[in-house]
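Take a look at the structure below.
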Amino acid sequence: MNMIDIKKMNLYYGDFQALKEINLSIPEKEVTAFIGPSGCGKSTLLKSLNRMNDLVSDCRITGEIKIDGQNIYQANYDVNRLRKEVGMVFQHPNPFPKSIYDNIAYGPRTHGIKSKAQLDEIVERSLKQAAIWEEVKDKLQQNALSISGGQQQRLCIARALAVEPKVLLMDEPTSALDPISTNKIEELVRQLRKDLTIVIVTHNMQQASRVSDKVAFFLLGEVCEFGPTERIFQFPTDPRTEDYISGKFG
Ligand SMILES: Nc1ncnc2c1ncn2[C@@H]1O[C@H](COP(=O)(O)OP(=O)(O)O)[C@@H](O)[C@H]1O
Ligand SMILES: [Mg+2]
């Protein structure tokens, strides 16, 4: 089954067309990597998947994006529900300046969970799922900004997981991290695909080949090529894909 179905989607920032006729079907419980040179529209498409572009006043979208069968841009669509079902993690870890516990409990609390026992359970489950429980279980009341950058990023992943999303969007989640933290996040991504659908933007070709099942190669606002990761890296059909992955431009 496809978790995300994008059909004839165009996106404009004012007069500038940032995405052109995007057609993309992203399967459930797989990792899909968006690759391509800077400015080709990867983040723009990622943000469209949880309607973060709603905040950009001159942004206009045509076409269709379905997530789990629902057109997320239809008039009466519940954006709060979308934000629960589609979590996002950014390039720079952005924990709230609150305790580790409160970072994770924040989402569930806004969705009405008040019971301490229930929140405790969610905090533990989410931190375990993000492979950071062992490192922070004895300092849950400590400020989240006091842990390392790599730990903060896993905390942000745990925060996203706390509301049990179906989709996790990650925009270059390791580009600000050291190699060891990067490894941990990559391992985590491979683990999480058992439970949810992941879309990850990366500049790192090795990372794309290590973590993803499918790759979409973007160029100038278009999806130039999309397919199974091994096939894209070994036998790209479009010469522009081959030039990019072999490092001729970027
Ligand atoms: N808020 C915005 N307003 C106007 N143009 C934007 C905005 N965000 C991105 N763009 C433009 O859209 C294009 C795609 O940007 P982006 O999606 O950030 O690319 P990528 O993530 O692939 O580097 C770029 O030309 C960028 O300058
Ligand atoms: Mg980007």
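The values are calculated or read from the model by the stated rules, or taken from the named source; none is laboratory data. This is a predicted model, so every value here is computed, not measured. With ideal geometry, Cβ positions are generated from the backbone for all residues, glycine too; neighbour counts draw on all protein chains shown. Side chains are part of the model used for accessible areas, which takes the heavy atoms of the whole protein and leaves out ligands, DNA and RNA. Shrake-Rupley method; radii C 1.70, N 1.55, O 1.52, S 1.80 Å.
Data for the structure
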| item | result |
| --- | --- |
| Selected residue (criterion: farthest from Tyr12 (Cα to Cα)) from residues of segment 37-73 that are within 8 Å of ligand 1 (Cβ to nearest atom) and over 16 Å from the mean Cα position of the chain (by Cα) | Pro37 |
| Failed item, numbered, when Lys29 is tested on (1) over 23 Å from Glu230 (Cα atoms); (2) surrounded by fewer than 20 Cβ atoms within 10 Å (Cβ to Cβ); (3) away from ligand 2 (no atom under 16 Å from the Cβ); (4) at pLDDT 95 or above | (1) |
| Any hit, segment 88-97, residues being surrounded by fewer than 17 Cβ atoms within 10 Å (Cβ to Cβ) and more than 16 Å from ligand 2 (Cβ to nearest atom) | yes |
| Check on Leu82, within 16 Å of ligand 2 (Cβ to nearest atom) and either open to solvent by 70 Å² or more (accessible area, probe 1.4 Å) or touching a residue at least 12 places away in the same chain (Cβ under 8 Å) (or both) | no |
| Scope segment 138-147; condition open to solvent by 40 Å² or more (accessible area, probe 1.4 Å) and either polar (S, T, N, Q) or in contact (Cβ under 8 Å) with a residue 12 or more places away in the chain (or both); matching residues | Lys139, Gln141, Gln142, Asn143, Leu145, Ser146 |
| Test: Ser175 is within 30 Å of Ile26 (Cα to Cα) and either more than 21 Å from the chain's Cα centre (by Cα) or in contact (Cβ under 8 Å) with a residue 60 or more places away in the chain (or both) | yes |
| Residue under evaluation Asn76, criteria (1) away from ligand 1 (no atom under 16 Å from the Cβ); (2) among the polar types (S, T, N, Q); (3) buried (at least 17 other Cβ atoms within 10 Å of the Cβ), criterion not met | (3) |
| Number of the exception - Arg159 against (1) under 25 Å from Cys40 (Cα atoms); (2) surrounded by 22 or more Cβ atoms within 10 Å (Cβ to Cβ) | (1) |
| Residues being farther than 17 Å from Val199 by Cα, more than 16 Å from ligand 2 (Cβ to nearest atom) and open to solvent by less than 50 Å² (accessible area, probe 1.4 Å) - total across segment 34-61 | 1 |
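To keep it simple, each residue is scored yes or no on (1) within 20 Å of Thr44 (Cα to Cα); (2) open to solvent by 20 Å² or more (accessible area, probe 1.4 Å).
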| site | (1), (2) |
| --- | --- |
| Trp133 | no, yes |
| Gly149 | no, yes |
| Leu168 | yes, no |
| Leu196 | no, no |
| Arg210 | no, yes |
| Gly221 | yes, no |
| Arg231 | no, yes |
| Glu242 | no, yes |
